[in-house]
1. Report, in deg cm²/dmol and to the nearest 500, the calculated mean residue ellipticity at 222 nm for the chain, where each DSSP H run with n ≥ 4 adds -39500 (n - 2.57) and the sum is divided by the residue count.
2. Relative to the first principal axis of the alpha-carbon coordinates of the chain, what is the inclination of helix 288-301, with its axis defined by its Cα atoms, in degrees from 0 to 90 and to the nearest 10?
3. Could you work out how far apart the two model spin labels at E209 and R142 are, taking each label as a point 7 Å from the Cα in the direction of the beta carbon, and quote it in nm?
4. So which trypsin sites (Lys or Arg not before Pro) in segment 113-147 pass both tests, a DSSP loop state and at most 12 other Cβ atoms within 10 Å of the Cβ?
5. Put +1 on the Cβ of every Lys and Arg and -1 on every Asp and Glu Cβ in the chain; which of Y191, G208, A83 then has its Cα farthest towards the positive end of the dipole?
6. Would you mind checking the tilt of helix 248-258 against the longest principal axis of the Cα atoms of the chain, expressed as 0 to 90 degrees and rounded to 10?
7. Using a Gaussian network model of the chain whose springs link C-alpha atoms within less than 10 Å, name the residue from H233, H262, H62 with the highest mean-square fluctuation.
8. Based on DSSP, what percent of beta bridges with both residues in segment 1-123 are antiparallel, to the nearest 5?
Amino acid sequence: MTSETITADTAGTWNLGDLHVNRVGFGAMRLTGSAAFHLGTPSDRERSIAVLRKAVELGVNHIDTAAFYFSSLRSANELINSALAPYPEDLVIVTKVGPHRDQQGEWGTPARPDQLRGQVEENLRQLGRDHLDVVNLRRTGRQESVAEHFGALAELREAGLIRHLGISGVGPHQLAEALEIAPVVCVQNRYAVDRPGPVGDEMLRICGERGIAFVPLYAVAGDGGPRGATQHHDDVVLTVAREHGASPAQVRIAWTLHQGPHVLAIPGTGNPGHLVENVAAGALRLSEDEVARLNGARTQAG
């Protein structure tokens, strides 16, 4: 079986509320350049559109995006709309609100609770939708409580603008706050094989116990974060990759998926070849020994 024939359902599926998604999805952030943070050069527009269409062709039915994913040349939401509308019935588009960027792309003060409706409506407009499948509240800065902001989104859910709610960049306290207000279908937190941390591990566990999807951010990028895929890989990652004839990025994605059936991967790329490899990583089966070795390197990194 070649990578071209491996589809996103190979790694299994999960439910975001009543929305059925394949565990390997796609993050749209990279289509605008290097994560919409004025880093790197945006992919060619037609190539970006081709990547999105290829992703759907490979069975990806979970796309992560945000209205603040844009550069001077590209908007992730506009690319998704142009490439995929009218949308396939099974396609789930997950967006996020909270952070704010002005028209010049500079980061401003995060949205107040009463400003979240405007952000939701902007995502609706850009995507050409009458409701959003899932909206994540992205916790910003040192925001201790998310109750007021999450409550504002819960009201928009009741109004029919949002189908399901998630939360991002949080710890157990913020998740507990949110769950007191409305159901949470997913948690997006930074998490990677070479980025250990007690909060990340605890959130992974709590989400598994509660049946909430855990969606690692920068699982492939690691410490590169918004700058893109890391060029540094631990020796054990490189060794396991050689043993499988796979790329280090594929090993990182496979390790991520191995963390539990509730874990979803959303690797992003503007490169068609990398897209195929990322989806194919869902078919990479790591042995217990390989996982233990990767976990051991992760512990040492901490």
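Only the coordinates and a few stated rules stand behind these numbers; no lab work does. Predicted model only: the values in this text are computed from it and were never measured. Glycine gets a Cβ as well: all are built from the backbone with ideal geometry, and neighbour counts include every protein chain shown.
1. After summing the helix terms and dividing by the residues of the chain, the value is -11000 deg cm²/dmol.
2. 60 degrees
3. My value for the distance between the label points is 2.9 nm.
4. In loop regions of segment 113-147 (DSSP not H, G, I, E or B), the sparsely surrounded trypsin sites (Lys or Arg not before Pro) are R142.
5. A83
6. 70 degrees
7. Highest fluctuation of the listed residues: H233.
8. So the antiparallel bridges amount to about 55 percent of the total.
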